[in-house]
């Protein structure tokens, strides 16, 4: 199995959730030369492909080609396989309304602490910071950072919180699959 960097995993996972597997926009903070280098490596591996952008559908531009057109980046079947998603389950364009499509959450690497965190938060009773600390052996600030930075901002999960007497603040991932 191919070893992906965190940035590559985030780009591929986000693209797998979007219509037509479009990999743009790239994660916040990834711009300029760093973005170009990351995308170039992913194109070399065959995980991303540059295709003509359909501006009428509002597809984001990766670069302009100079003739009044531009290109966008699309996650390929190899890219989906690299993150453990079967290409048949990826998002595709539908002839029905685009608004009725529901993005599937990314599939983290099995056995990782991130996968363990997601599984704990997807349970119907959720998890507290203390329970997550005990299970992952992370510090509390690392747990909070993973929830707000990775799960919410980078992977786009909708996290809810609620206070339960005797348990404290409980975090849950809400969505169609939970």
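Observations on the structure shown:
- Multiplying the residue separation of residue 41 and residue 161 by 0.36 nm and removing their Cα-Cα distance gives an extension gain of 39.4 nm.
- Spacing of the modelled spin labels on residue 152 and residue 55, each 7 Å from Cα toward Cβ, amounts to 3.7 nm.
- Region 1-49 and region 121-178: distance between their alpha carbon centers, rounded to Å: 26 Å
- Order of 76, 169 - criterion: other Cβ atoms within 10 Å of each residue's Cβ, fewest first: 169, 76
- Among 124, 40, sorting on how many other beta-carbon atoms sit within 10 Å of each Cβ, with the fewest leading, yields 124, 40.
- Each of the peptides 3-11, 139-147 was scored by the mean count of other Cβ atoms within 10 Å over its residues; in descending order, highest first, they stand as 3-11, 139-147.
- FRET efficiency estimate (nearest 0.05) - Cβ-Cβ, residue 77 to residue 124, R0 41 angstrom: 0.75
- Global geometry of region 131-178, whether rounded, prolate or oblate, following the gyration tensor of its Cα atoms and the 1.5 cut on a/c: oblate
- Remark: 67, 52 ranked as 67, 52, counting other beta-carbon atoms within 10 Å and listing the fewest first.
The numbers here are math on the coordinates, done by the rules we state, and not lab data. Every value quoted in this text rests on a predicted model; they were computed, and no experiment measured them. With ideal geometry, Cβ positions are generated from the backbone for all residues, glycine too; neighbour counts draw on all protein chains shown.
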